[in-house]
Amino acid sequence: MKKLFAVTTVVALFCCTLFSGCAPSGKIQGNYKEPTAEELQTALSSVNSDEFFQPVQNGIYGFELYADVTYSSRQGDLLTEYRIKAEYSFSAQFEKDTALPVLSGKGNISLKVTLPDETADGGEVVNELEATLCNDSEFLYADGWMREGAEEKKTIKNKYPVSPESFLQGSDSSDSTTPGMDSAVAQIDLAELIGTLQQYNVEIGLDASDGVKLRFRANQDTFGALAGTDTAEDVTFRKDTMEAYLHIGSNGSLRGIAMNAECVYTVGEGEAAQTISFGGVVSYTATEKAVAAKMPDNPDEYTLDSFI
């Protein structure tokens with residue numbers, strides 16, 4: 001577990017994930033309706049994509065990430081389970097008199113991994129990690145603990161370099177241009193895309209009242225179409241909810257991503273049967289507010305490390 005914290009942080013914070021008051025639902029609210037290819041093309045072409053990958057040049061660019069995801073697989077007495085929960089608020093504040101933004105962020109992360117113990121019949125090995133996180137324009141600080149199996153808790157007191165320059169890459173280059181959404185959409189056969197989604201029983205919903213909101217819904221029919229008839233016949237579902245959302249603002253900026261799932265199914269029968277479950281929520285929401293994060297009083301006591 002030497003790099004457990006670094007790997008877990010990357011997965012939780014950049015894959016996919018702090019909302020005031022309560023945890024998010026993994027949904028983006030809207031009045032979704034199944035679109036035709038023409039309606040989808042019209043909606044996507046109406047969005048100006050110049051700002052999609054660009055940070056705000058004046059003011060504050062921020063986002064809030066949340067992830068609470070569990071995966072488990074049980075076959076007989078053998079249990080494998082992963083539970084990760086993370087939340088993070090981040091902001092990059094651009095000021096007229098400074099070339100680089102002021103970065104600030106705060107949050108926390110926890111991970112629990114249960115694995116079969118190869119040295120004991122039916123035994124388990126539990127690995128855990130918990131840490132509070134914060135960052136300024138120089139470092140991301142992690143303060144917490146980790147434990148592998150029956151070992152004693154080990155203190156985490158690390159710092160990882162961050163780079164304000166990364167928020168400006170390409171934003172001021174006159175030689176680089178961001179392709180418009182309409183030109184990108186023109187290269188996609190949307191009728192074929194919708195047909196493919198329908199083939200795999202993925203329901204698509206569109207709300208074009210506030211930029212573009214898209215919703216994708218899948219279920220056990222989707223799994224069966226992907227797995228093939230022979231494999232699907234060996235699968236028994238108890239729960240099969242899977243949704244993904246995307247919100248692009250009218251100015252072309254990415255406003256939100258959300259996913260939620262609750263899926264439980266069994267593969268095979270008898271002693272060889274394997275029950276798999278996964279579920280939880282992941283959300284990203286863009287914000288325009290500064291984050292007030294308290295930095296460590298003793299930064300020199302933190303060990304310099306890297307994510308790779």
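The values are calculated or read from the model by the stated rules, or taken from the named source; none is laboratory data. Nothing here was measured: the structure is a model prediction, and the numbers come from that model. Don't worry about glycine lacking a Cβ; one is built from the backbone with ideal geometry, like all the others, and counts go over all protein chains shown.
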Checking Phe216 against (1) modelled with pLDDT of 70 or more; (2) outside any strand (DSSP E or B); (3) surrounded by fewer than 17 Cβ atoms within 10 Å (Cβ to Cβ): exactly one of these is not met. Which one?
(2)
Please indicate, with yes or no, whether at least one residue in the stretch 40-49 is modelled with pLDDT of 85 or more, over 27 Å from Cys134 (Cα atoms), in contact with a helix residue (DSSP H, G or I) (Cβ under 6 Å, 6 or more places away or on another chain) and not polar (S, T, N, Q).
yes
So for the stretch 244-254 (the condition being more than 29 Å from Leu190 (Cβ to Cβ) and surrounded by fewer than 16 Cβ atoms within 10 Å (Cβ to Cβ)), does at least one residue qualify?
no
Restricting the stretch 255-276 to residues that are surrounded by 18 or more Cβ atoms within 10 Å (Cβ to Cβ) and farther than 20 Å from Leu40 by Cβ, the residue that is farthest from the chain's Cα centre (by Cα)
Cys263
If I ask for residues that are surrounded by fewer than 22 Cβ atoms within 10 Å (Cβ to Cβ) and of a type in the set (Gly, Ala, Ser), which ones from the stretch 105-119 would you list?
Ser110
Please go through the stretch 54-76 and give me each residue that is at pLDDT below 85 and out of contact with any strand residue (DSSP E or B) (no Cβ under 8 Å at 6 or more places or on another chain), ordered by number.
Gln54
Lone unmet requirement of (1) loosely packed, with under 15 Cβ neighbours inside 10 Å; (2) in a strand (DSSP E or B); (3) hydroxyl-bearing (Ser, Thr, Tyr) for Ser306:
(2)
Do you know which of the residues in the stretch 145-164 that are closer than 18 Å to Glu124 by Cα and touching a strand residue (DSSP E or B) at 6+ places or on another chain (Cβ under 9 Å) is modelled with the lowest pLDDT?
Ala150
Given the residues Glu87, Glu81, which is the only one that is touching a Ser or Thr at 6+ places or on another chain (Cβ under 9 Å), among the acidic types (Asp, Glu), surrounded by 17 or more Cβ atoms within 10 Å (Cβ to Cβ) and under 22 Å from Met259 (Cα atoms)?
Glu87
Picking from Ala258, Ala293, Ala244, which residue would you name as being modelled with pLDDT of 90 or more and in a loop (DSSP other than H, G, I, E, B)?
Ala293
Take the residues in the stretch 122-141 that are among the acidic types (Asp, Glu) and in a loop (DSSP other than H, G, I, E, B); name whichever of them is surrounded by the most Cβ atoms within 10 Å (Cβ to Cβ).
Asp136
Name every residue in the stretch 96-123 that is in contact with a Leu (Cβ under 9 Å, 6 or more places away or on another chain) and more than 28 Å from Ala142 (Cα to Cα), in order of residue number.
Pro116, Gly122
Please verify whether Ser137 is under 24 Å from Met259 (Cα atoms) and out of contact with any Cys (no Cβ under 9 Å at 6 or more places or on another chain), treating the condition exactly as stated.
no
State all residues of the stretch 219-238 that are modelled with pLDDT of 80 or more and surrounded by fewer than 14 Cβ atoms within 10 Å (Cβ to Cβ); if no residue qualifies, say none.
Arg238
Odd one out for Tyr284 among (1) farther than 30 Å from Asp143 by Cα; (2) crowded, with 19+ Cβ neighbours inside 10 Å; (3) of a type outside the set (Asp, Glu)
(1)
